Structures are given as structure tokens and as C-alpha cells.
Amino acid sequence: MNSLSLPPHLNHLAIIMDGNGRWAELRGRDRAFGHIRGARVAKETIETCAKLGLKQLTLYTFSTENWARPKSEVSFLMLLLGRHLRKERANLVRNNIRFSVIGQIDRLPQAVRDEIDKTIQDTKACSGMNLTFALSYGGRQEIAEAARVLAREVAAGVLRPEEITEAAITQRLQTRKMADPDLILRTSGEYRLSNFMLWQAAYSELFISETLWPDFGEKTLEEAFSHFAGCERRFGKTTAQIKEPTRLGLVQ
């Protein structure tokens, strides 16, 4: 990690960790082997980002669509998740990492929910990097739930329809306490978001790596950081406005 450093303005990194199963199959092993390796890489990545001083790391750990996988694989993933949280809880505290989750947590097995609750409780006083696992998470489902909340508030007369703004929707998402991702990194070469942070990704920079998640490491992370450093983040403005705001009278 000697040469690796965060690029300016990268505060929130979100990662779609993809390719565990294919990595294992390429080696003639079952998918569980890939998931075990993937969990180890996740641990290494979390610790690296924390040491670099990243403020927020969000890992797409299990999607709402992943429930459709074979029951044996889902059961193993739940077992692995619970074991990982139990094993790494002390390391999170040691590294001053605060843990949280987003997603339909009520769909997870009770044993996993217990481990989640314990990890959140044990790390609540940590003041370093904020680590979020997106578990049983789907971007469309999150937006639909926010719409239901808004509809109930309108029906109850506590909110007027004209008060439903972008900010109002954002405040009713599970990510309301987070900044939007500055950079979304996806492994395995798939060029899609796969229902991940659809609302929040509006102005996120995207970096797609051909690397399968179990092979992910500092080299790929450095490539993603380099890509982000070269991006001109205009948010709808022109290059001239970004580079010469004073001349154009845009600075108050």
C-alpha cells in the first residue's frame, strides 16, 4: 500500500463485488470456494480503504435477486456472512470502522440478523471509515418503499404532493445518512449496475474491471483511483464553468 493513495474528492466508494462463482468454476472448484475467497478479499479491501482514510465504503454483498439462486448456495452465503461478521467484529473495532447495513434485512435468517445487530452495536462508537453492507438490497425496491412512505404521508395529510421533491425522496431512502457514491467500481467486466443504488448513482463515476472479485487487489484499486482522478465532474455544468467559475460570475 506504499504507493496507493486516495484521489482528491473521493469520499464514498461503492463496489459491486462480482465474479466469485466464475472464478471458482475456472479452477474446477465449486462456487462455495469462490465465495470463501471473495470474503477474504472483501476483508483485505475494507482494511486497505480504512487505512487510506476513505470516509465511506459500501459493498454490494447480496442483492434481492440473489434470493433466486439455488437454495444450497443461498444457505451457504448466509452461513458465510454470519461467520464473517462474527469473526471480523473485533477487527472492525480495532480499525475504528463503523458498520451498517441497507436492504430488506427482515428477509435474512434470524441468526444473521443477530450478528448484524451485534456488529452495529459493537462498532457504533467508531469514528473512522463507515462501512455499509448492501444485503438483500435492490435499488428499485428501495425507491418503491420510499414512494410508499411518501404516499402514506400524503394520505395522512402531513405532506402535500407538491412537497415531494428530489430531496424529499432522498430523505426517505435507506441511504439518507450517506453521501451519494463518488465512484462505483464493478468487477468481472459486466457493464451494468444490477439494481444497485439506482437513485444514488445519478452522478457517480463508473469503473468496470475485467478482474474477477477473488483476484481483486491493490492493483485494480489503483486503476480505479487513477480513472477517478482523471474524471472531470461537471454535474451538468460546462468545462469552462468548472475551471473558471470566478470569470463567469458563478462564485458567490
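Values in this text are rule-based calculations from the coordinates and carry no lab data. Keep in mind the model is a prediction, meaning the values are calculated, not measured. When we count neighbours, we look across all protein chains shown, and the Cβ atoms used for this are built from the backbone with ideal geometry, even at glycine.
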The list [x] 163; [y] 137; [z] 120 gives values of volume of the Cα convex hull per residue in Å³, and only one came from this structure; which label was calculated from it?
[x]
From the phi angles alone, apply the Karplus equation (6.51, -1.76, 1.60; θ = phi - 60°) to region 132-138 and give each ³J(HN,Hα) in whole Hz, x where the residue is Gly or Pro.
10, 9, 8, 10, 6, 10, x
Please give the net charge around E145, taking every other residue with its beta carbon less than 14 angstrom from that of E145, where Lys and Arg add +1 and Asp and Glu add -1.
+3
With a 10 Å radius around each residue's Cβ, average the other Cβ atoms per peptide and rank 127-137, 99-109, highest first.
127-137, 99-109
Pairs of lysine residues in the chain - Cα separation under 13 Å, sequence separation of 8 or more or cross-chain
4
Can you tell me which of 12-20, 48-56 comes out highest on packing, and rank the rest after it, using the mean Cβ neighbours within 10 Å?
12-20, 48-56
Once Lys and Arg are counted +1 and Asp and Glu -1 for all other residues with Cβ under 15 Å from that of I102, the total becomes +2
Of all GluC sites (Glu not before Pro) in region 16-122, the ones in DSSP coil with at most 13 other Cβ atoms within 10 Å are none
In what sequence, highest mean first, do 209-217, 221-229 appear when ranked by Cβ atoms within 10 angstrom?
209-217, 221-229
Starting from the Cα-Cα distance between A168 and I120, subtract it from 0.36 nm times their residue separation and give me the gain in nm to one decimal.
14.6 nm
